[in-house]
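Peer 1: Shown below is the structure under consideration.
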Amino acid sequence: MLRDLCTVLEDLHQGLLAAAGQAGNAVRIAQAEMTLPMDCALVLQGGGCVLRADVARNAADTDWLPSRSRLVVHWGEMPTEVFS
């Protein structure tokens, strides 16, 4: 089932955070990159257009074709200090 792209990205981010804190061994992740197969569609909704998408959740999702789109996400630290 395709979902809003923002929901997919939030789920990926939450999974990354969970993996970093797994088994009580908190790890600080400075940057991470994922390349995943993605199925997507533009949907007309409420007078606008919404991007719906999803990624394979496990190896049993065998209907993913090699020509599917790829989602490349890069998370990285961003300094928040202001230098004078």
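Peer 1: Only Lys, Arg, Asp and Glu count, each charged at its Cβ (+1, +1, -1, -1), so figure out the dipole size of the range 1-61 about its Cα centre, rounded to 20 debye.
Peer 2: 120 debye
Peer 1: At 1.4 Å probe size, put Leu36, Leu42, Leu51 in order of accessible surface, largest to smallest.
Peer 2: Leu42, Leu51, Leu36
Peer 1: How much accessible area per residue does the range 1-49 have, counting only protein heavy atoms and a probe of 1.4 Å, in square angstrom?
Peer 2: Each residue of the range 1-49 exposes 72 Å² on average to a 1.4 Å probe.
The values are calculated or read from the model by the stated rules, or taken from the named source; none is laboratory data. These numbers come from a predicted model, not from an experiment. Here Cβ is always computed from backbone atoms with ideal geometry, including for glycine, and neighbour counts include all displayed protein chains. Note: accessible area is taken over every heavy atom of the protein model, side chains too, but ligands, DNA and RNA are not part of it. Shrake-Rupley method; radii C 1.70, N 1.55, O 1.52, S 1.80 Å.
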